[in-house]
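Novice: Have a look at this one before I ask anything.
The values are calculated or read from the model by the stated rules, or taken from the named source; none is laboratory data. All values derive from a computational prediction rather than experimental measurement. Every residue, glycine as well, gets a Cβ built from its backbone with ideal geometry; the counts of neighbours run over all protein chains shown.
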Amino acid sequence: MKILVAFGLITLVFAGCTSVEHQQMQNERERLRAAYEDARIKNDRRTPKDTLAREMLGTWQFLGIEVLESDLSNEIVRAAIALDESSRKNLTIQFFEQNGMRFYEGNNGSIRITGKFSIYVERIAEVLYPELGMNRSSGITPGAFLFSDRLAGIFSGLPGTSNVLISVEDDQLYLTLGAGASLTVEGWAQSDGIRYSFKRIK
């Protein structure tokens, strides 16, 4: 009887150790899985950030403005766009790197702005949305330089430092103000907002 009791106690202790070890292994697997997922997400964000930052280096000339989606009066929007386009005919912005840092310099007639820029990437579901961040060194704010009060007021207010979506396709650069993300049958997609387009001149 004593032998059976002793054997039972040993079995319980062994089972308890095995259970603890199994839980520790399970916790370690979960920790490694979470670390891997964090690293993957950071890498997913870093790749488009670095690629986009390289693609946007150069000098860009303002092209035009396009409303992506709107339930506003076409007449109001057309009038605001016409005013903004006419005031930006000579607008150029240059993005460049110097000593490992990223800078911008904008000109529009007598208006000149300078500062540093960076790219942020927001993840919504499985879609990455690159945003442009601009920190002013001199001149008016980047938001006032790039976007007018008229259209900014219509489309979600003046932009801060990092709520302007940015993309580069071939030799065109697009800055989208007031954009959102909506779920479509194809998945998450950009919707709404107003897009300012630029062409590469250098």
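Residue by residue, here is whether (1) modelled with pLDDT under 85; (2) surrounded by 17 or more Cβ atoms within 10 Å (Cβ to Cβ); (3) in a strand (DSSP E or B); (4) not β-branched (Val, Ile, Thr) holds:
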{"position": "133", "(1), (2), (3), (4)": "no, yes, yes, yes"}
{"position": "150", "(1), (2), (3), (4)": "yes, no, no, yes"}
{"position": "159", "(1), (2), (3), (4)": "yes, yes, no, yes"}
{"position": "167", "(1), (2), (3), (4)": "no, yes, yes, yes"}
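Novice: Suppose the filter is surrounded by 14 or more Cβ atoms within 10 Å (Cβ to Cβ), basic (Lys, Arg) and either in contact (Cβ under 8 Å) with a residue 12 or more places away in the chain or in a strand (DSSP E or B) (or both); does residue 112 pass it?
Specialist: no
Novice: Hey, another quick one. Quickly run through segment 61-115 and pick out the residues that are under 23 Å from residue 140 (Cβ atoms) and among the basic types (Lys, Arg).
Specialist: Within segment 61-115, 88, 89, 102, 112 meet the criteria.
Novice: Among the residues in segment 49-56, are any within 26 Å of residue 170 (Cα to Cα) and exposed (fewer than 13 other Cβ atoms within 10 Å of the Cβ)?
Specialist: For segment 49-56, residues within 26 Å of residue 170 (Cα to Cα) and exposed (fewer than 13 other Cβ atoms within 10 Å of the Cβ): present.
Novice: Report the residue count in segment 89-109 for those that are outside any strand (DSSP E or B) and farther than 16 Å from residue 52 by Cα.
Specialist: Counting residues in segment 89-109 that are outside any strand (DSSP E or B) and farther than 16 Å from residue 52 by Cα gives 5.
Novice: So, one more: One residue is enough: does segment 112-120 have a residue meeting the conditions closer than 21 Å to residue 54 by Cα, charged (D, E, K, R) and at pLDDT below 75?
Specialist: No: zero hits.
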